[in-house]
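Comments concern the structure below.
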Amino acid sequence: MAIGIFDSGLGGLTVLDALTARLPGQDFVYLGDTAHAPYGMRPAAEIYDLTVAGVQRLFDEGCGLVILACNTASAVALHDLQVNWLDPAAHRVLGVFVPVIEHLTRRDWGDNSPPTHTGLRDVALFATPATVGSGAFPRELRFRARDVRVEAQACTGLVEAIESGDLGRAREVAAAHVATLRTRLPVPQSAVLGCTHYPLVEAAFRAALPPETTLVSQPELIAASLGDYLKRHKGFAGGSGAVRYLTTGDPARVGAHAGIFMGRALAFESAAAA
C-alpha cells in the first residue's frame, strides 16, 4: 500500500527523500499543493480546507496513511481534521511535530505523565507565520517538559524565496531571521527548523547560529518515526519502492524547480487526473 506525503509545495520532498532512504521498499505518492503555496500566510480556515482537499486526493490514490509533511498544516489543521473529518477506521493521517517533540523531550508521545525537567532549557523555533501563530509547538512541548522557553521566529518570505527557486535569496532571508531571533535569545540550546522547506537552506541556518546550538532538522526524525510506526501498523507497509509525484500546479514547471532543489529530475503529474 502506498503512503501519501502531502505538502503545500516542494518542502515535503526533503521528508520524502529521508523516507525513501529509510524505507526503500515502500511505495509513496507525493502531492505538492503548489497552486496554493505557500500556506504560511493564509487564514486557518483556508489552510484547513486546502489540507482536507489534499489528503482526500491522496486517499483517492489508494493511500491508507498520509503524512502531513507540512508544519503549517500539522499545526493549524491536523487536530480538527482528525477529530471532525477523518474516519480512523478507514484511514490515518500523521503530522510532523510529534517526532521533533519526542526527540527534544526524550519522551514518547503516548507518555501522558505530568511534564518533567528534561534538561531542555530553551528552544528557538523557526517556522512560518501560521505555524508560529497557532502556538501548537510550544503548547505540545510544555505538556511534556517543564520550564522550557520557546522563542519563535516567523520566517516571513523564506518559503516564497525557496519556492521561487532563488536559493541565494533564501539563504539571505534565513540568515536575517536567525539574526533577528538572536536579539531575543542570543545562544539557543536547540534550534528547530519547523518547516520542511527549511532543510533546503539548512547550511545558512547553521552558519548563522552559534556553534554550541544544536540544530534540529525534521526529515530524518520523521523517517525514523514512520519506520517505528510501520512496525506497529504493518497494514500500511509494503510495495516495491515506487514513487509518484503529483502537483496542483504546472507539472513541467514544478518538476524543473524540484530538480534544482533535489539535484535530479523529478517527473510530476497533474493532481487533477484522478
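Throughout, read-outs are computed from the coordinates displayed, never taken from laboratory work. From a predicted model like this one, the values you see are computed outputs, not experimental measurements. We place every Cβ from the backbone using ideal geometry, glycine too, and count neighbours over all the protein chains shown.
Quick notes on this structure:
- Shape call, the stretch 202-274: gyration tensor on alpha carbons, a/c limit 1.5: oblate
- Where only DSSP H runs of four or more residues are counted, the chain gives -12500 deg cm²/dmol as its mean residue ellipticity at 222 nm, each run worth -39500 (n - 2.57).
- Of all complete DSSP H helices in the chain, those with a Cα span along the helix axis of 20 Å or greater and a mean Kyte-Doolittle hydropathy of -1.0 or more are 44-60, 167-182, 218-232.
- Whole-Hz ³J(HN,Hα) from phi, Karplus 6.51 cos²θ - 1.76 cosθ + 1.60, for the stretch 66-75, glycine and proline x: 10, 9, 7, 7, 9, 5, 4, 5, 5, 6
- Amide hydrogen proximity for GLU269: with H placed 1.01 Å from N in the peptide plane, the residues at 5 or more positions away or on another chain lying under 5 Å are TYR245, LEU246, THR247.
- Gain on full extension, evaluated as 0.36 nm per residue between TRP85 and ALA21 minus their Cα-Cα distance, stands at 19.9 nm.
- At most 16 other Cβ within 10 Å, DSSP loop - trypsin sites (Lys or Arg not before Pro), the stretch 104-138: ARG106, ARG121
- Centre separation in Å (Cα based) which lies between the stretch 113-144 and the stretch 12-28: 27 Å
- Anisotropy class of the chain from Cα gyration tensor, a/c 1.5 cut: oblate
- Tensor-based shape of the stretch 98-218 (alpha-carbon gyration tensor, a/c under 1.5 rounded, otherwise prolate or oblate): prolate
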